[in-house]
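First, the structure itself, so that you have it in front of you.
The values are calculated or read from the model by the stated rules, or taken from the named source; none is laboratory data. Every value quoted in this text rests on a predicted model; they were computed, and no experiment measured them. Because the Cβ atoms are built from the backbone with ideal geometry, glycine has one as well, and the counts that use them run over all protein chains shown.
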Amino acid sequence: MSDITPETRLWNLTRGALATRALAVVTDLRVAEVLAADSRDVSSLARESGADPDVLHRLLRALASDGVFVEESPGVFRNNDASDLLRDGGWGDFAHLFGGVWHRTAGELEATPEPVFPRLNGTDFWPWLAAHPEERAAFDRAMVEGTERRVERLAAVDWRGTETVVDVGGGNGTLMAELLRRQEGLRAIVFDLPETIRDESAFGDRCTFVAGDFFSSVPAGDVYVLSTVLHDWDDEQAAAILHTISAAAPAGARLLALEAVVPPGNDPHGAKWLDLLLLALFGGRERDEAQWRTLLARCGFEPVRIADGLIEAQCR
């Protein structure tokens with residue numbers, strides 16, 4: 001039984017937007033990076049970041065009360081295991097996005113199926129992202145977060161040695177680079193929009209980048225990977241992506257979708273909340289097992305395994 005009172009449970013939910021925004025503000029001020037060497041008093045932190053010292057103290061005090069940063073003594077802060085994650089990798093970029101453009105979008109969510117983002121910004125999320133290179137770079141870096149977990153799931157697949165893997169919507173290629181390191185016989189194609197930020201010199205001679213639009217065509221291959229791509233789209237658009245893949249794939253080609261499977265019941269699961277952000281941004285959705293089976297079947301794929309984190313299917 002939980003020892004959280006009903007009042008505390010509601011309070012934690014109602015003040016959640018404040019925590020999200022506070023984390024983004026402090027992350028954008030690079031406070032965790034400044035604190036990497038040692039604890040600092042808030043006045044020196046404010047001078048270095050250009051923030052108001054009183055407001056910065058209040059932001060850090062609130063975050064520390066939820067376990068991000070530690071106030072060692074009045075007005076003196078240091079990093080902890082949680083704030084250390086903001087220094088590099090994808091968590092700082094997630095904090096920036098969740099507390100910035102995603103925060104503003106989620107704040108207008110209503111009980112309708114229409115995405116909020118186009119109404120607020122005059123365009124869909126993806127063209128907006130292409131027009132804002134710094135946000136695009138932050139998005140691509142954030143998508144790298146969790147690569148190790150995704151690679152572990154892919155590595156557990158029964159690989160056949162010399163297959164060509166097409167990572168559809170593969171971003172900067174980090175996932176394929178790590179998979180190729182573990183599976184020496186594979187070759188890979190990273191397929192994504194041309195504006196994707198990437199370092200092709202790091203790909204090696206077994207991996208190439210191909211620019212394109214997965215609603216139009218995808219390269220031919222033996223295995224198609226979709227890493228948290230289909231949840232960005234509603235059923236009609238997700239089906240269009242899968243139809244594009246099935247048109248290019250030879251019979252028997254495999255599909256590996258690194259996606260959540262929403263569990264039934266009341267148990268907590270991150271996908272139940274992320275589902276609402278996807279709705280607000282672009283009308284996307286997380287799916288349960290029955291919804292995944294329906295979507296795959298209508299697009300010519302036979303489900304082989306549907307597990308939270310990895311869905312495997314075969315092209316008929």
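Taking the stretch 48-71, which residues are surrounded by 13 or more Cβ atoms within 10 Å (Cβ to Cβ) and farther than 30 Å from VAL144 by Cα?
Within the stretch 48-71, PRO53, HIS57, ARG58, GLU71 qualify.
Another one. Might you check whether a residue that is of a type in the set (Val, Ile, Thr), in the same structural domain as GLY169 (by TED's automatic domain parsing) and not in a strand (DSSP E or B) occurs anywhere in the stretch 198-214?
So far as the stretch 198-214 goes, no, none of its residues is of a type in the set (Val, Ile, Thr), in the same structural domain as GLY169 (by TED's automatic domain parsing) and not in a strand (DSSP E or B).
In this structure, is LEU230 closer than 17 Å to LEU186 by Cβ and buried (at least 20 other Cβ atoms within 10 Å of the Cβ)?
Criteria not met by LEU230.
Here is a follow-up. Give me a count of the residues in the stretch 17-48 that are in a helix (DSSP H, G or I) and over 11 Å from GLY99 (Cβ atoms).
Going through the stretch 17-48 one residue at a time, the tally reaches 11.
Can you tell me which of (1) in contact with a strand residue (DSSP E or B) (Cβ under 9 Å, 6 or more places away or on another chain); (2) within 25 Å of GLU134 (Cβ to Cβ); (3) part of a loop (DSSP other than H, G, I, E, B) is the one SER83 doesn't meet?
So the condition that SER83 fails would be (3).
Surrounded by fewer than 16 Cβ atoms within 10 Å (Cβ to Cβ) and at pLDDT 95 or above: does that describe SER217? It would help to see each step written out before you state the result.
Values: surrounded by fewer than 16 Cβ atoms within 10 Å (Cβ to Cβ): yes; at pLDDT 95 or above: yes.
So SER217 passes the test.
Another question about this same structure. Among residues belonging to the stretch 140-154 that are crowded, with 18+ Cβ neighbours inside 10 Å and over 17 Å from LEU226 (Cβ atoms), point out the one that is nearest to the chain's Cα centre (by Cα).
Going through the qualifying residues, I end up with ALA142.
Just to be sure I understand, how many residues within the stretch 201-229 are without any contact (Cβ under 8 Å) to a residue 24 or more places away in the chain and farther than 16 Å from ALA248 by Cα?
Here the count works out to 3.
Provide a single number: the residues in the stretch 278-316 that are surrounded by fewer than 19 Cβ atoms within 10 Å (Cβ to Cβ), of a type in the set (A, V, I, L, M, F, W, C) and within 21 Å of GLU152 (Cβ to Cβ).
Residues that pass the stated criteria total 3.
Identify the single condition in (1) modelled with pLDDT under 95; (2) in a helix (DSSP H, G or I); (3) surrounded by fewer than 18 Cβ atoms within 10 Å (Cβ to Cβ) that ARG119 does not satisfy, given that it satisfies every other one.
Checking ARG119 against (1) modelled with pLDDT under 95; (2) in a helix (DSSP H, G or I); (3) surrounded by fewer than 18 Cβ atoms within 10 Å (Cβ to Cβ), the one that fails is (1).
Among (1) at pLDDT below 95; (2) assigned to a helix (DSSP H, G or I), where does PHE94 come up short?
Result: PHE94 fails condition (1) only.
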